[in-house]
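Reviewing the structure listed below.
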Amino acid sequence: MATAVVSTIGSDRPGLVAELSSLAQTLSLNIEDSRMTVLGGEFAVLMSVSGTDENLTEFENALTLLDGGDLAHLFRRTSQTDDGHPNDVSARPYRATVTALDHPGIVASIAGFFSERNINIQDLQTETTPAPHTGTPIFSVAMVANVPSSVRIHELRVAFEEFCIEADLDGELEAER
């Protein structure tokens, strides 16, 4: 089986998810993993699909015809190890959550913290919501990081706590369940 990752963005409207998933089904492709959301009024999807090389090529070509060409697509073939995991299988998943008053640079500083320790971020989601009563923008980050087995978890937690205190962030690091 061959795999590809597809990213699609365009004006939100009813039926886009049905069109994308129906196209994959028609070409006998399996949607293995996906994230779909509306951001700033635009529909955005990121999905991993698998199937034959020929069907993936047909899927890539057919994407440009969806919605009359008003959607933008990025199609990329992927390679995976035999077990389906491109990352270090001895790594342990940990969930980091952070909340703070919204300001530029929060994601960059958190990503830098983990990058400096050679820890790969597997999944990251952010959201800005108004605080109750005041409406002050509150920024939240939820992410899963693959912590290599060579990293001492206690030391990582202490360093993360110190990082959050220094950056004026409310953060927590826990084993992913």
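The values are calculated or read from the model by the stated rules, or taken from the named source; none is laboratory data. Remember, it's a predicted structure, so these values are computed and weren't measured experimentally. As a convention, Cβ positions derive from the backbone with ideal geometry for all residues, glycine included, and neighbour counts pool all protein chains shown.
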Can you give me the number of residues within the range 17-40 that are more than 16 Å from T78 (Cβ to Cβ), assigned to a strand (DSSP E or B) and among the polar types (S, T, N, Q)? 1
Does I153 count as farther than 30 Å from E32 by Cβ and either assigned by TED's automatic domain parsing to the domain that holds L29 or surrounded by fewer than 16 Cβ atoms within 10 Å (Cβ to Cβ) (or both)? no
Those residues that are assigned to a strand (DSSP E or B) and within 25 Å of Q125 (Cα to Cα), I need them from the range 41-58; list them, please. E42, F43, A44, V45, L46, M47, S48, V49, S50
Residue among T78, T97 that is within 26 Å of L20 (Cβ to Cβ), of a type in the set (V, I, T) and modelled with pLDDT of 85 or more: T78
Those residues of the range 4-16 which are part of a strand (DSSP E or B), under 20 Å from the mean Cα position of the chain (by Cα) and not aliphatic (A, V, I, L, M) amount to S7, T8, G10
Taking only the range 41-64 into account, find how many residues are among the small types (G, A, S), within 17 Å of the chain's Cα centre (by Cα) and more than 13 Å from R77 (Cα to Cα). 1
Name the one entry in A145, A159, A108, A167 that is modelled with pLDDT of 95 or more and exposed (fewer than 11 other Cβ atoms within 10 Å of the Cβ). A108
I'm checking my understanding of the structure. Among residues of the range 118-142 that are part of a strand (DSSP E or B) and of a type in the set (S, T, N, Q), which one is surrounded by the fewest Cβ atoms within 10 Å (Cβ to Cβ)? T128
Return the pairs, sorted by first residue and then second, in which the second residue is β-branched (V, I, T) and in a loop (DSSP other than H, G, I, E, B), the first residue lies in the range 27-45 and is assigned by TED's automatic domain parsing to the domain that holds V17 and touching a residue at least 60 places away in the same chain (Cβ under 8 Å), the beta carbons are less than 9 Å apart, and the residues are 6+ apart or on different chains. none
Return yes or no: is V151 part of a loop (DSSP other than H, G, I, E, B) and either without any contact (Cβ under 8 Å) to a residue 60 or more places away in the chain or of a type outside the set (S, T, N, Q) (or both)? yes
